[in-house]
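Reviewing the structure listed below.
Every number in this text was worked out from the coordinates using simple rules, so none of it is lab data. Remember, predicted model here, so these are calculated numbers, not experimental data. All Cβ positions, glycine included, derive from the backbone under ideal geometry; neighbour counts span all protein chains shown.
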Amino acid sequence: MDPADYDAWYETPRGRWIGEREWRLVCRGLDMRPRTSLLDVGCGTGWFSRKFARAGLAVTGLDLDRAALAFAREHSPGNIAFIEGDARRLPFADGAFDQTVALASLCFVDDWPLAIAEIARVTRRRFVLGLLNRHSLLWREKKGRNGGRGAYRGAHWHTPDELRPALGALPLTAWRLRSAIFLPSGGIFSRAIERVLPPQLLLGAFLVASAEMPG
């Protein structure tokens, strides 16, 4: 998908609702105090990077897609640093950032356990992963089956059962799983269900893993 079209989707009524629901769930796993340093792995067009920067965090965005990075630089404030890099080999020292996020990006990384280990390596305090959930209505609607469709083509849809051992192998003091976007249509009924169902019910399309580092 063209970077401009991808970013513009978040300004549609459905895209804005989904983006805000994802944003609120991700923020529950982070320290949102101003000036906290944050790395956005797989930042794409920078939509979430800009939201973190507007909240007062010191943001660095990283991605391999040069076209997406060019869009992000052009449409973001100058206080966000955008760097070309690979999630499997992050070009940063150990503990370089207070916090790290990877939102809908590790779904497109072949060795995603290695990428999670790299995220843990460069993080001092907390990280949050936003993933596509195989145990969701969105996957069942053929968005993920047979290689996926549209923006989901080629994506890996994670399950809680495969995430648990990957997180358990890392030196973490605590981690938890939550989900959001149970009915992805974005209509009135979808929004009502979203207010009722608890995030601990791991059936939403957006599967979030949040973790705390030791020390």
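Overview of values
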quantity: For the chain, alpha-carbon Rg relative to the globular expectation (2.2 N^0.38 Å, N residues); calculated: 0.95
quantity: Options Leu183, Val41, Leu132, ranked by Cα towards positive dipole end of the chain, top entry (Cβ charges); calculated: Leu183
quantity: Ranked list, fewest to most other Cβ atoms within 10 Å of each Cβ, for Thr45, Thr159; calculated: Thr159, Thr45
quantity: Cα pair distances exceeding 16 angstrom across region 1-59, given as percent; calculated: 46 percent
quantity: Kyte-Doolittle mean at least -1.0 and Cα axial length at least 20 Å: DSSP H helices in the chain; calculated: 13-27
quantity: Around Glu74: net Lys/Arg minus Asp/Glu count, Cβ-Cβ under 13 Å; calculated: +2
quantity: Magnitude of the charge dipole, the chain, Cβ model with Lys/Arg +1 and Asp/Glu -1, debye to 20; calculated: 700 debye
quantity: Whole-number percent relative contact order across the chain, with pairs defined as alpha carbons under 8 Å at least 6 apart; calculated: 20 percent
quantity: Packing-based exposure ordering (other Cβ within 10 Å, fewest first) of His135, His75, His158; calculated: His75, His135, His158
quantity: In nm, spacing of pseudo-spin labels at Asp86 and Thr159 (7 Å Cα→C-beta vector); calculated: 2.9 nm
quantity: Isotropically averaged projected area of region 1-99, using the convex hull of Cα atoms (one quarter of hull area), nm²; calculated: 6.4 nm²
quantity: Spherically averaged projected area in nm², based on the convex hull that wraps the Cα atoms of region 41-128; calculated: 5.1 nm²
quantity: Relative exposure of Arg191, Arg21, judged by other C-beta atoms within 10 Å (fewest first); calculated: Arg191, Arg21
